[in-house]
1. Any residue at all in segment 239-251 that is without any contact (Cβ under 8 Å) to a residue 12 or more places away in the chain and either in contact with a strand residue (DSSP E or B) (Cβ under 8 Å, 6 or more places away or on another chain) or outside any loop (DSSP other than H, G, I, E, B) (or both)?
2. Conditions first: (1) in contact (Cβ under 8 Å) with a residue 40 or more places away in the chain; (2) over 27 Å from residue 48 (Cα atoms). Residue 209 passes all but one, so which condition is the exception?
3. So which residues in segment 159-179 are closer than 22 Å to residue 95 by Cα and surrounded by fewer than 22 Cβ atoms within 10 Å (Cβ to Cβ)?
4. If I filter segment 217-225 for residues that are free of Cβ contacts under 8 Å to residues at least 40 places away in the same chain and part of a helix (DSSP H, G or I), do I get at least one hit?
5. Listed residues 41, 86, 54, 121; which is farther than 30 Å from residue 218 by Cβ and in contact (Cβ under 8 Å) with a residue 40 or more places away in the chain?
6. Can you tell me which residue is farthest from residue 93 (Cα to Cα) among those in segment 58-75 that are part of a loop (DSSP other than H, G, I, E, B) and in contact with a helix residue (DSSP H, G or I) (Cβ under 8 Å, 6 or more places away or on another chain)?
7. Evaluate the following for residue 285: is it modelled with pLDDT under 95, touching a strand residue (DSSP E or B) at 6+ places or on another chain (Cβ under 6 Å) and surrounded by fewer than 16 Cβ atoms within 10 Å (Cβ to Cβ)?
8. I'd like the full set of residues that are over 19 Å from residue 46 (Cα atoms) and surrounded by fewer than 19 Cβ atoms within 10 Å (Cβ to Cβ), limited to segment 76-92.
């Protein structure tokens with residue numbers, strides 16, 4: 001019998017063991033049959049902007065520079081959306097921002113830019129430019145779709161000025177928020193409840209701290225100093241430009257107090273008495289207020305001076321692109 005040397009036997013065993021080795025996996029083995037209860041959608045907010053630029057320049061800025069948005073709504077005869085950033089990814093549209101408990105809303109929001117000139121400052125006052133009704137019609141359709149897919153709460157559809165009131169004005173006082181309310185997208189102060197509270201506030205206007213507390217309760221980042229400083233005036237002007245667009249000078253008054261009180265005081269839940277037939281129309285339901293027609297021409301607004309938004313650097317433009325008037329604020333969110 002031939003004896004195999006030990007070294008040869010060890011080598012042979014090593015070779016055989018190598019042949020039996022399973023190659024490393026090229027993909028991880030993942031079982032997706034289970035799902036955690038503790039999770040939520042990344043998207044919690046929708047933020048609306050105007051571009052203060054024409055369509056070609058808006059496209060260049062939003063596609064070739066760091067500022068971006070998920071959607072760009074054109075101002076063409078038949079408006080449509082450019083989808084610039086996938087909703088699963090973060091776009092850079094909100095900048096330094098906050099609403100309620102959230103800060104830096106880029107990571108938790110979808111940004112929608114609307115092509116609109118914004119405003120121009122003139123010797124007679126600031127001229128604001130209206131949105132096309134066709135743009136708003138398209139916007140409402142997209143908003144309903146996003147809300148349905150991500151389960152976004154009505155109070156979380158906001159303007160850029162809501163989340164950055166010290167430095168932004170968009171989408172401005174001519175944006176038709178009431179149309180979004182009529183479409184069931186955002187909350188709106190019921191006129192009958194506002195009217196019921198108005199006489200009391202006309203008789204006794206709350207102090208500044210009350211306004212600051214209520215504005216913070218609504219969602220704004222506002223100082224709680226009890227002093228009517230410029231930062232408080234700016235926040236109040238933003239609130240008024242959304243819910244009381246006829247006057248938005250940032251001055252606390254009875255009508256603003258009544259609107260703010262209604263928005264921060266939800267209606268109590270009506271529990272029907274045992275055996276009572278459900279009411280088709282609750283007694284607290286306010287009559288539907290017709291939506292005023294949208295302006296079709298620039299609107300001149302003379303208001304008390306409000307602190308200007310801090311200047312932000314204007315991105316360099318490619319050759320051949322004409323910049324907007326110097327008084328306007330270009331698309332820039334950071």
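1. If we filter segment 239-251 for residues that are without any contact (Cβ under 8 Å) to a residue 12 or more places away in the chain, which is where we start, we get 246.
Among the residues that remain, those that are also either in contact with a strand residue (DSSP E or B) (Cβ under 8 Å, 6 or more places away or on another chain) or outside any loop (DSSP other than H, G, I, E, B) (or both) are: none.
Checked against the condition, which is being without any contact (Cβ under 8 Å) to a residue 12 or more places away in the chain and either in contact with a strand residue (DSSP E or B) (Cβ under 8 Å, 6 or more places away or on another chain) or outside any loop (DSSP other than H, G, I, E, B) (or both), segment 239-251 yields no hits at all.
2. (1)
3. 166, 167
4. Scanning segment 217-225 turns up no residue that is free of Cβ contacts under 8 Å to residues at least 40 places away in the same chain and part of a helix (DSSP H, G or I).
5. Details: 41 fails: farther than 30 Å from residue 218 by Cβ; 86 fails: in contact (Cβ under 8 Å) with a residue 40 or more places away in the chain; 121 fails: farther than 30 Å from residue 218 by Cβ.
When all the criteria are applied, what remains is 54.
6. Checking each candidate, the answer is 75.
7. Details: modelled with pLDDT under 95: yes; touching a strand residue (DSSP E or B) at 6+ places or on another chain (Cβ under 6 Å): no; surrounded by fewer than 16 Cβ atoms within 10 Å (Cβ to Cβ): yes.
Criteria not met by residue 285.
8. 76, 77, 78
The values are calculated or read from the model by the stated rules, or taken from the named source; none is laboratory data. Keep in mind it's a predicted model, so treat the numbers as computed, not measured. Backbone-built Cβ (ideal geometry, glycine too); neighbour counts: all protein chains shown.
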